[in-house]
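Okay, structure first, notes after.
What follows draws every value from the coordinates through simple rules; no lab data is involved. As the structure is a computational prediction, the values presented were derived from the model and not from experiment. Quick reminder, even Gly has a Cβ in these numbers, built from the backbone with ideal geometry, and neighbours come from all protein chains shown.
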Amino acid sequence: MEEEHEDHGHSVAAYTLVTIVLLGAIIASIAVVIASGVLGIIGAVVVVIGVIVGKVLSMAGYGNKNRLTPPARPGDTSHQSGSTTSRQS
């Protein structure tokens, strides 16, 4: 049986989101060091923009392709043809 590995978001949408959010976090961190409220707000806005861009790219088809099928649970055999699962009480 082949071992299944979860895709940890390796997609254009995920990399773009992380890059933009990281940039916003760096800007906000610099704002804390130099005590600038305006720069802190700019950093927060960049973080929010990053989340929006990541979501838009994901919806445009640049996200994880495996999101359409739910992950199989251990012991779940309902995906096999002709079989049914039953519970004992």
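Directionally averaged projected area (segment 12-61, Cα convex hull): 2.7 nm². Among Lys55, Lys65, the order by Cβ neighbours within 10 angstrom, fewest to most, reads Lys65, Lys55. Among Leu23, Leu17, the ranking by other beta carbons within 10 Å of each residue's beta carbon, starting with the fewest, stands as Leu23, Leu17. Full extension of the chain between Ile26 and Ala60 yields a length gain of 9.5 nm, computed as 0.36 nm times the residue separation minus the alpha carbon distance. Under the criterion of Cα pairs below 8 Å and six or more residues apart, the relative contact order for segment 12-61 equals 49 percent.
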